[in-house]
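For reference, the structure is listed below as C-alpha cells.
The values are calculated or read from the model by the stated rules, or taken from the named source; none is laboratory data. Source: prediction; values computed, not measured. Cβ sites come from the backbone with ideal geometry, for glycine too, and all protein chains shown count toward neighbours.
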Amino acid sequence: MKAAERLTVALGGRSYDIVLGRGLIAEAGALLTPVIRCRRAVIVTDAHVAPLHLAPFAAALSVAGIEHRAIVLPPGEATKDFVHFAKLCEDILALGIERATPIVALGGGVVGDIAGFAAASLLRGLDLVQVPTTLLAQVDSSVGGKTAIDTSHGKNLVGAFHQPRLVIADIDVLATLPRRELLAGYAEVAKYGLIRDRSFFAWLEENGAALIAGDAAARQQAVRQSCAAKAAIVAADERESGERALLNFGHTFGHALEAATGFGEKLLHGEAVALGMQLAFDLSARLGFCRPEAAARLRRHFAAIGLPTSPAGIAGGTLAAQTLLTHMQKDKKVAQGRVTLILARDIGDAFVCRDVTPATLASFLAAALERGQNSLETARGGA
Ligand code: GLY
C-alpha cells in the first residue's frame, strides 16, 4: 500500500496539512493527536455516512485515547438550513463543550459546510478537523475554510471562512460512493485542469475512466493534484479577492441550475458544475475568447466519462433562460448588477470576466437551452 502523503495549506499561523492516502480512517486517532488541544471530540456526520464509516472512525479515536460523541444529521442539501444549523449548535452545546473541543466533520460537502459553520460560530470558534468522505469534498469543499448554510435567497449565503486544523482524505472511502456521486466529484477534479493545468486535463482524458472504475492509484493522484492546486490558490488568496475566484469556474451557471431544480436529487452539485463549466466554455467561444474546439473537447470528455452534457433534459425540459438569469443575478459575486463569470481562453486558461451584460447572458442561455432541446429531440427521434 502506498504511504500517506502530506500537503500543506500555507497560511502562516493557521497553516494545516492535508493527509491523503489509503486506510487513513484506521489511523485517525494518531493523525488527530498532534493537532487537537483537548482529548474529547465531537464528531458530526450524517445518516448515509454513519453506517459505513462512523464505527471504524470512532474506534480509531478510542485507540488513541480520544473520547468522542457523535451527532448524526439527516443526509442531503436540505440539512444545510437555519433549522438544522440551530439544532446542531444546541446539540453540540448540550454535550458540554469547551473552547478547546474539536469538531470533526466526517462526511461529504453538506456535513463539512454545516459542521464547519457550527465550529466557526460556537464559543466564537472551535477547532475543526475535516474528514471528507466524498470525492467532491476531498478535492474541494474540505480544503480552504469555506463554511456555510443555504437560505431561501440562495446557496451558501450565510457562512464564514474558518480553516480546519487538519484534513484527512482516505482514498479507500471512495469505494463506498455510488457512481453518480463519484462522477459529480469528478467534475470538481476536472475543474483544476480546466482553470489552470492543461496537462492535468490531458491526464484526466487518459485516466479518468480508470479513476471512475475504481483504480485507487489514479484516484490518489487525482486527489493529490486537485488538493495541491487548491492549497496553492487558497494560500495565495484566502479570502477570494483575486485568484481564488477561478475556483468558482462553472459555479455561477451551476448554482442557477441547482436553484432552478430545487437543490436536490434532480441535479447534484457536481453535475450542475459540470454543466456550468461547459456553458462557460460555450459562452467563451461565443464571445470569441476561445476556440469552439476547446468547448467541444470538454463536452467530449464529459460525455465519455458519463457526466451530463446538456441542461435541456433537466427538470423535464422546463428550464427557462430568464429563471436561470434571475438566479445568477442573486449570486454572492454580483457587483454593480453585473454577474462575475469565470470564462476561458483555452483548456487550462481561465479568467474572471465582469463584462457580460444581462442581455448577452439572456440570449446565450436561451440559445443554449434551445440547442440542447433540439439535440435531445433529434436523439429521441433517431432512437
Ligand atoms: N469551492 C470554491 C472555493 O473553495 O473557493
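Observations on the model:
- Within region 312-332, considering residues that are buried (at least 18 other Cβ atoms within 10 Å of the Cβ) and modelled with pLDDT under 80, the one nearest to Glu271 (Cα to Cα): Ile314
- Members of region 62-119 found to be modelled with pLDDT of 95 or more, in contact with a strand residue (DSSP E or B) (Cβ under 8 Å, 6 or more places away or on another chain), in a helix (DSSP H, G or I) and more than 22 Å from Leu166 (Cα to Cα), listed by number: Thr79, Phe82, His84, Phe85, Asp91
- Matching entry among Ala175, Ala184 (being within 16 Å of the ligand (Cβ to nearest atom) and either modelled with pLDDT under 95 or aliphatic (A, V, I, L, M) (or both)): Ala184
- Some residue of region 100-116 being free of Cβ contacts under 8 Å to residues at least 24 places away in the same chain and away from the ligand (no atom under 11 Å from the Cβ): no
- Of all residues in region 52-65, those that are within 12 Å of Ile168 (Cβ to Cβ) have Cβ atoms under 7 Å from Cβ atoms of residues that are acidic (Asp, Glu), 6 or more apart or on another chain, in Ala60/Glu27.
- Any hit, region 130-145, residues being within 16 Å of the ligand (Cβ to nearest atom), modelled with pLDDT of 95 or more and part of a strand (DSSP E or B): yes
- Taking each residue of region 220-247 that is outside any helix (DSSP H, G or I) and looking for partners that are surrounded by fewer than 17 Cβ atoms within 10 Å (Cβ to Cβ) with beta-carbon atoms closer than 9 Å, six or more apart or interchain, yields Asp237/Glu243; Glu238/Leu11; Glu238/Arg14; Glu238/Phe161; Arg239/Phe161; Glu240/Phe161; Gly242/Ala236; Gly242/Val352.
- Candidate set: region 283-299, residues that are in contact (Cβ under 8 Å) with a residue 60 or more places away in the chain and surrounded by 22 or more Cβ atoms within 10 Å (Cβ to Cβ); chosen: the one nearest to Gly185 (Cα to Cα): Leu298
- Residue that is closer than 18 Å to Ala321 by Cα, within 12 Å of the ligand (Cβ to nearest atom), in contact with a strand residue (DSSP E or B) (Cβ under 9 Å, 6 or more places away or on another chain) and touching a residue at least 60 places away in the same chain (Cβ under 8 Å), where the choices are His255, His269: His255
- Residue ID - nearest to Leu7 (Cα to Cα), chosen from residues in region 235-250 that are within 7 Å of the ligand (Cβ to nearest atom) and crowded, with 22+ Cβ neighbours inside 10 Å: Leu247
- Filter result for Val167 (surrounded by 21 or more Cβ atoms within 10 Å (Cβ to Cβ), part of a loop (DSSP other than H, G, I, E, B), in contact with a strand residue (DSSP E or B) (Cβ under 8 Å, 6 or more places away or on another chain) and of a type in the set (Val, Ile, Thr)): no
- Search result, residues across region 146-160 that are part of a strand (DSSP E or B), of a type outside the set (Lys, Arg) and either in contact with a helix residue (DSSP H, G or I) (Cβ under 9 Å, 6 or more places away or on another chain) or closer than 10 Å to Asp81 by Cα (or both): Thr147, Ala148, Ile149, Asp150, Thr151, Gly154, Asn156, Val158, Gly159, Ala160
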